[in-house]
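Accompanying notes for the structure given below.
Read the figures in this text as sums done on the coordinates, not as results from a lab. From a predicted model like this one, the values you see are computed outputs, not experimental measurements. No Cβ is skipped: glycine too gets one built from the backbone with ideal geometry, and neighbour counts run over all protein chains shown.
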Amino acid sequence: MAKQIKALKCPQCGSVKKQNVKEDHYICNHCGTEYFLDNDDINVNIRHQYGDNGLDPKVKRVIILGLAGFLLLLFFASIIRNCGSSNSTSTAVYSAISTKEKSYVERIKGHLAFTAYNSSNPMLLFIIARGKDSFDRENAEYFARFYDPLKEKIVNDILLPGWKEDFYIQSRTFADSVLYICADKSNKVLKVDPAKNEVVDVTEAFFAGVPEFSSGIATLKFTQEVEGDGFRIMTNDGKEYYYYPLVRKIYKDHSERRNAGIGMSSLLPGAKSLIRYAISEKSRDYPDEKIQLLKYWYQHNPGYPIMLPYSYQVVWEKVYNYPKKSGVYYGSFPYIKKLFKEPRINKFVDLTPDRLYFDAKIEYQDSVNVYISGLPNANPEGNRYLQKIDTETGKIVWNYTPASDSYSFDTDMYGYAGGLVFAYYDRASTARTNRLIIMGNDGTIVKDINKDELFKK
């Protein structure tokens with residue numbers, strides 16, 4: 001019988017495409033079926049083999065496509081979630097907090113404000129406590145949160161290692177125009193970097209190499225603002241010092257530090273005028289003298305100790321010319337009428353000679369801005385106002401009183417290039433809220449923030 005020549009097809013799918021494994025053994029290139037020829041009865045024997053996992057290739061393709069689709073969906077969901085997040089990372093000395101699901105509670109421990117980098121807009125810095133609930137103090141972690149109030153956006157979160165629940169944030173802009181922060185009872189100094197919106201630990205840079213600090217720093221805090229750009233320090237061996245880091249000068253006690261900031265003999269070459277503002281006190285020697293808002297010029301060396309007058313020292317009084325020898329004197333002695341006794345104050349003016357002031361105080365000042373608060377009249381139960389005063393003419397630039405029957409201004413206010421940031425507690429509202437106000441230089445309210453609800457979303 002003549003043999004017929006036929007194409008050898010895969011008995012499973014009919015494909016003629018195959019590869020020869022060994023003599024009379026083939027694997028279909030299309031479906032993967034292995035088959036061979038039985039020469040005795042010319043039968044084609046089939047063995048199914050779907051790869052190592054035993055799955056049909058068609059089923060395998062469906063599974064692979066489904067898995068790929070699922071992974072692609074997760075990828076796009078991750079992109080959308082990250083785009084919607086306002087948190088960013090940082091490489092500051094203090095590492096940035098990584099974004100995670102909000103299964104925690106945040107509390108605002110304090111805030112300050114400064115001018116945002118390369119603009120006249122404000123930037124807010126909050127100290128945030130994060131814990132498992134609002135009562136968690138023991139396990140809470142603390143970080144500095146940079147927040148853009150105009151964009152309503154968290155710019156950066158920086159972890160604050162070693163920060164504690166009872167720390168109170170303090171800040172001071174030194175003569176180098178850098179904003180520094182520290183906490184009372186702490187032993188670290190941080191500087192604010194507005195270009196990167198970070199805080200950087202400068203403790204080592206400030207205090208390294210000073211022999212008196214060789215035992216280590218136990219606690220530090222800023223000197224009072226009227227005393228200049230310094231710190232009051234307790235070392236680990238129990239000694240106290242006053243230290244002025246910009247000029248690296250150390251003073252062993254209050255008297256030594258004070259003497260470096262008063263009188264003309266302690267001035268160094270290159271002294272400059274520092275413009276400051278003060279409100280005078282009622283005078284016993286001259287009771288008819290009105291309370292005055294004063295602008296004065298104080299001679300100083302930047303970075304060194306100063307000794308500006310405390311509020312109770314700005315008062316009209318009789319300064320007697322007593323004999324220089326020691327003793328107790330009786331009788332009449334010549335005197336002069338003086339407002340400022342410190343000889344470094346070589347000039348002053350009354351900014352508002354026609355105004356009356358009641359329980360007035362300066363809330364914030366720098367060389368070109370002054371903001372005051374006070375009562376509208378002698379009634380001690382009146383509502384306090386907040387005003388910006390023109391430092392050249394003495395005129396009121398703007399006047400602000402909250403739309404509430406009962407409120408109190410926060411003690412800390414912060415200037416920025418475009419205006420003032422301040423807070424007040426509204427006791428009259430049903431919810432009793434803490435308000436944070438950003439005021440422009442022209443008196444426009446740039447932002448009114450309910451601080452209690454700020455980061456709860």
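Observations on the model:
- Subtracting the Cα-Cα distance of residue 395 and residue 379 from their residue separation scaled by 0.36 nm leaves 3.4 nm.
- Span from the segment 130-168 Cα centroid across to the segment 273-291 one, whole angstrom: 42
- Label point 7 Å beyond Cα of residue 218 along Cβ direction - residues of segment 231-258 with amide nitrogen under 15 Å: 232-242
- Nearest-0.05 FRET efficiency for residue 273 and residue 135, computed from C-beta distance (R0 51 Å): 0.50
- Cross-link reach list, aspartates and glutamates versus residue 290, counting only Cα pairs under 18 Å and skipping chain neighbours closer than eight places: 281, 317, 350, 354, 359
- Check: segment 212-291 dipole with +1 on Lys, Arg Cβ and -1 on Asp, Glu Cβ, in debye: 180
- Estimated FRET transfer efficiency when R0 is 60 angstrom, pair residue 328-residue 204 (beta carbons, to 0.05): 0.65
- Considering only 401, 321, 436, and ranking their Cα positions along the charge dipole of segment 272-453 that arises from unit charges at the beta-carbon of Lys, Arg, Asp and Glu, the one farthest toward the positive end is 321.
- Sequence-distant aspartates and glutamates (8 or more away, or on other chains) whose Cα lies within less than 17 Å of residue 153: 106, 198, 448, 452, 453
- Average 1/r across all pairs of distinct alpha carbons in segment 272-453, invert it, and you get the Kirkwood radius: 18.7 Å.
- Estimated FRET transfer efficiency (residue 165, residue 297; beta-carbon r; R0 45 Å; 0.05): 0.55
- Using 0.36 nm per residue and subtracting the Cα-Cα separation, the extra length available between residue 410 and residue 105 on full extension is 107.4 nm.
- Mean sequence separation of contacting Cα pairs (under 8 Å, at least six apart), scaled by the length of segment 305-457, corresponds to a relative contact order of 11 percent.
- Under the combined filter of DSSP loop state and at most 14 neighbouring Cβ atoms within 10 Å, segment 103-169 retains these chymotrypsin sites (Phe, Trp or Tyr not before Pro): 104, 117, 135, 168.
- Two-decimal Rg to Rh for segment 105-259 - Kirkwood Rh, Cα set: 1.00
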